[in-house]
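Working notes for the structure below.
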Amino acid sequence: MAIAHGVRAIEVIQREAPHLDAAAEVREIGRLIAEVMAGPMGDLRAGSLEDYVEHAARKRIGFVVEPDRVSSWDHAKLLPAG
């Protein structure tokens, strides 16, 4: 379950997730996350971003989650109208 400041919805994923510790797999996960957060790796920041991903991947493991079941809801719907 992930909860962040100001988030009104919760999503629960039920699944066992094998971990990946091969360096190439962890780097690829890092690159995908970096692209979502900072834009495509082909832009001007790509060199320093690629360096960061490479450095960070050395001390990380990754998880691949393929959910069997996802439950989500929005707590705002529980508030009375008005």
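The values are calculated or read from the model by the stated rules, or taken from the named source; none is laboratory data. Predicted model only: the values in this text are computed from it and were never measured. Note: ideal-geometry Cβ built from the backbone for every residue, glycine included; neighbour counts use all protein chains shown.
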Residue hits (segment 46-70; assigned to a strand (DSSP E or B) and either exposed (fewer than 10 other Cβ atoms within 10 Å of the Cβ) or modelled with pLDDT of 75 or more (or both)) are Gly62, Phe63, Arg69
Among the residues of segment 19-45, how many are closer than 29 Å to Asp74 by Cα, at pLDDT 75 or above and surrounded by 10 or more Cβ atoms within 10 Å (Cβ to Cβ)?
6
